[in-house]
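Novice: Take a look at the following structure, please.
What follows is calculated from the coordinates using simple rules that are stated; it is not laboratory data. All figures in this text were calculated on a predicted structure; none of them were measured in a lab. Counting neighbours? That spans all protein chains shown, and the Cβs are built from the backbone with ideal geometry, glycine included.
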Amino acid sequence: MSYDGWTLHNTSKALKNDKEIVVAAVKSSNIAFQHASDELKKDKECVLDLLDRGMDVGEFIDDKLLEEDDVKKMIEEMKRK
């Protein structure tokens, strides 16, 4: 099964909190991350992994993570590309 933003929007809370499912959906469309669980949006490891893969999810991550230097740096680097 493939996952995209619409699929993630219409799925269970458990799947919205499953990193593998969310990464698969975000690979299809960065905007899918808006439908990820709040826990994953706050998960620094998950967010850094997505950013490292070149997935532009900065507008959907938790505001507190946006204040973290390494997260800011990766988002800035992505914008330069």
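Novice: Of the conditions (1) crowded, with 18+ Cβ neighbours inside 10 Å; (2) in a loop (DSSP other than H, G, I, E, B), residue 11 satisfies every one except a single condition; which number is it?
Specialist: It is condition (1) that residue 11 fails.
Novice: Has segment 50-57 got at least one residue that is under 11 Å from the mean Cα position of the chain (by Cα), among the small types (Gly, Ala, Ser) and buried (at least 16 other Cβ atoms within 10 Å of the Cβ)?
Specialist: Taking every residue of segment 50-57 in turn, none turns out to be under 11 Å from the mean Cα position of the chain (by Cα), among the small types (Gly, Ala, Ser) and buried (at least 16 other Cβ atoms within 10 Å of the Cβ).
Novice: Moving on. How many residues, within segment 60-70, are under 22 Å from residue 8 (Cβ atoms) and either in contact (Cβ under 8 Å) with a residue 12 or more places away in the chain or in contact with an Asp or Glu (Cβ under 6 Å, 6 or more places away or on another chain) (or both)?
Specialist: 4
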